[in-house]
1. With respect to residue 383, is the statement that it is over 37 Å from the mean Cα position of the chain (by Cα), buried (at least 20 other Cβ atoms within 10 Å of the Cβ) and at negative phi true?
2. Give the residue, chosen from 588, 637, 572, that is modelled with pLDDT of 95 or more, over 23 Å from residue 452 (Cα atoms) and touching a helix residue (DSSP H, G or I) at 6+ places or on another chain (Cβ under 8 Å).
3. Given the criteria more than 28 Å from residue 634 (Cα to Cα), in a strand (DSSP E or B) and touching a helix residue (DSSP H, G or I) at 6+ places or on another chain (Cβ under 7 Å), does residue 564 qualify?
4. Only residues that are over 17 Å from residue 545 (Cα atoms), modelled with pLDDT under 95 and crowded, with 21+ Cβ neighbours inside 10 Å: list them for the stretch 487-524, please.
5. Out of the residues in the stretch 329-344 meeting the condition of being closer than 24 Å to residue 302 by Cα and not in a helix (DSSP H, G or I), tell me which one is nearest to the chain's Cα centre (by Cα).
6. Just need a number here: residues in the stretch 167-217 that are closer than 19 Å to residue 125 by Cβ and assigned to a helix (DSSP H, G or I).
């Protein structure tokens, strides 16, 4: 819980404050003084009388009541200090800058727990320990620099790393970003990134709260909380972007199924962010660029006009947009010719609109007006304007600012001359604008923002499944893979279409099953994980003699307990899988099946619950989607049935969370049906 004493303290004490501004206790005090904190300011230091002009108390017992304590002393002294402040001084907010807690040792973890228990007992707030602090427009409780412009309408920024928070601010401030609040959560002993976002959601005021949130996350500890409150904030009109680091793994974890190998924790983060509507970024520059895009009107379409006085950057931006499925449409016709008449000879309006190095502020105004009023197939404008340093460009940037205020279509300023026209850019940023100094970084970021889907609805509709039968099967199952007959019952209870099949343990059973199902049939070993690798799959078996021969061969394959008989079906091989992933719940994956899942690894993933609309999104984002649509006269796959089956797998794992891994591979898809022909379902209770 974030208390009012944390966000707007009327009094602050620095425990461990000093005159040495190269130490955290000294620097945080200096930052508070230099940035004109308006409340009462106290210092505790047993070795000093006055610190930075402020009368010093020898110990916490000597203090009056105080709202917020910022603590910068050795870890071993923190629990007693916190206890004194919480119990005797009515302190309800704590920022512990000190390190030496659970990140360092078991003993440190005990100290940390003791502190949290004390603060919880008085319904207080704790940020840290092992953090750089908190700042907002009320106070600058950090021991770092730079201090950004603090504005309630700026960006809310929550970081799991203090140093990274500094570097992200340093990347954003030159672009013109301002901040409403900055939280460095450190060890997240009481509150982590998710908890602070939760508080922002629960106390959101559309008139006074920031509408832009940036997150730097090293570990998603509470994914369901993050999903709930991020999606809620976005539905309220906010925009959220995040960097989640630590996505790679040194070496691959051994997995017994295709799903297990493909469904990594980082994939879970991807699908969580997508489900919430969070724009996932790969680094500081991209994160701060996305934040700048958030500060512009929403991009309603994917058609961009590039307005430039320099050819090279326009070409690079065109490439970036085109590679990311944004269009740079051709501009021509009578209105284009009329615009061309207002420009110098040699200019081009084809798009990119190049008005040459000699282009003027007046000409820029004409171009923007035409894109706003005359060219309906343009949804936004990117204006590239730098300078070789020959003359000032204040007038150009003033026109740009004016047009950004007047136009309904977004106008993105790409001002690359950060040295030559440094003063002019500062003049432009002082008007509340942002700059995108690199056109390719901008193009990639704009595409990410545009292609990030809206958050999931609050209530996700799932197909009805026979929960009673599903629970009966699961409750009676042992850990490990379900037997084929139990898998069949489970799929039937979930409403998942499957091929007819029979399990044979004798030669005669195999012959009888094949005759009942109808020739030709497929024969598969029951037991080995990867059937094809051990010669355990035979297709197109056409008569009883062949059934007998193959049965007697296959039953001798190592680990084989029986032979599965199915009718020989045809269609495009598809794949659906599910995997329980730590605290995230179940991931559901889809893609092309059979050997393609191993070779191409072309998958889409979602987090259960998944409704059909999201399932269609997953299918349509496969690289092999055109194969499913039917190419060169091939029969297409029934996409609606494929999406229905993805949604039914989602409903199944929600009804049976004990399912640890599940593969339907392959399914066979045609224009009139999608049928599962092989399944593996592993239970872990």
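1. For residue 383, the condition - over 37 Å from the mean Cα position of the chain (by Cα), buried (at least 20 other Cβ atoms within 10 Å of the Cβ) and at negative phi - is not met.
2. Values: 588 fails: over 23 Å from residue 452 (Cα atoms); 572 fails: modelled with pLDDT of 95 or more.
Going through 588, 637, 572 in turn, the sole match is 637.
3. So residue 564 fits the description; yes.
4. 487, 501
5. 329
6. Adding up the residues that qualify gives 10.
Here's the yes/no breakdown for (1) outside any helix (DSSP H, G or I); (2) surrounded by fewer than 19 Cβ atoms within 10 Å (Cβ to Cβ); (3) modelled with pLDDT under 95:
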{"site": "226", "(1), (2), (3)": "no, no, no"}
{"site": "249", "(1), (2), (3)": "yes, yes, yes"}
{"site": "252", "(1), (2), (3)": "yes, yes, yes"}
{"site": "256", "(1), (2), (3)": "yes, yes, yes"}
{"site": "259", "(1), (2), (3)": "no, no, yes"}
{"site": "293", "(1), (2), (3)": "no, no, no"}
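Here is a yes/no grid of residues against (1) surrounded by fewer than 23 Cβ atoms within 10 Å (Cβ to Cβ); (2) out of contact with any strand residue (DSSP E or B) (no Cβ under 6 Å at 6 or more places or on another chain):
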position: 3; (1), (2): yes, no
position: 15; (1), (2): no, no
position: 44; (1), (2): no, no
position: 48; (1), (2): yes, no
position: 71; (1), (2): no, no
position: 80; (1), (2): yes, yes
position: 92; (1), (2): yes, yes
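The values are calculated or read from the model by the stated rules, or taken from the named source; none is laboratory data. Quantities reported herein were computed from a predicted structural model and do not represent experimental measurements. In this analysis, Cβ positions are derived from the backbone assuming ideal geometry, glycine residues included, and neighbour counts consider all displayed protein chains.
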